[in-house]
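One structure is given below, encoded as structure tokens.
The values are calculated or read from the model by the stated rules, or taken from the named source; none is laboratory data. Here the structure is a predicted model, which means the values were calculated and not measured. Here Cβ is always computed from backbone atoms with ideal geometry, including for glycine, and neighbour counts include all displayed protein chains. Calculation scope for accessible area: heavy atoms of the full protein, side chains included, ligands and nucleic acids excluded. Shrake-Rupley method; radii C 1.70, N 1.55, O 1.52, S 1.80 Å.
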Amino acid sequence: MIASGQSLPEPPRCIADIMALAGNHPPVRTAVVHPCDAASLGGAIAAAKHGLIEPVLVGPEARIRAAADAAALDIARFQIVPGEHSHVAAAEACRLARTGDVGAVMKGSLHTDELLGAVVNRDSGLRTDRG
């Protein structure tokens, strides 16, 4: 809370500022949902390399491994949690977050509405009692 007479701190102005702020914290164990393409796997690997996240790859293992192989990406050190397709992977990522096994959820190569549908699901999503 900002006391009377104090000003707000300057927001980060660039990625370097954000990275510096994040460097003061341990990596967040993060469910990367349906990372079945080079872009989503590459983003997760880059974030891990910079110490931002500890990726947990959630989705169809064969497709994840095929995407990694096709893009020459090393995913050997990351846990893979199986989910036969994107809807199952999104639900599983939410379960991991609800149980505290991960602290964040990151979108992979699935449609945004698929991920958000799982997140806001009344019975199995990440909704609170307030809504």
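Tabulated values for the structure
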item	result
Qualifying residues in region 73-110 (those that are within 14 Å of G59 (Cα to Cα) and part of a loop (DSSP other than H, G, I, E, B)) - the one most open to solvent (accessible area, probe 1.4 Å)	E84
Filter result for D113 (of a type outside the set (S, T, N, Q) and either part of a loop (DSSP other than H, G, I, E, B) or within 13 Å of the chain's Cα centre (by Cα) (or both))	no
Counted residues, region 42-68 - those being of a type in the set (A, V, I, L, M, F, W, C) and either touching a residue at least 60 places away in the same chain (Cβ under 8 Å) or open to solvent by 60 Å² or more (accessible area, probe 1.4 Å) (or both)	2
Residue pairs meeting the criteria (Cβ under 6 Å; at least 6 apart or on separate chains; first closer than 25 Å to K49 by Cβ, in region 71-91; second assigned to a loop (DSSP other than H, G, I, E, B))	A89/H34; A89/G83
Candidate set: region 116-131, residues that are out of contact with any Leu (no Cβ under 7 Å at 6 or more places or on another chain) and in a helix (DSSP H, G or I); chosen: the one most open to solvent (accessible area, probe 1.4 Å)	L116
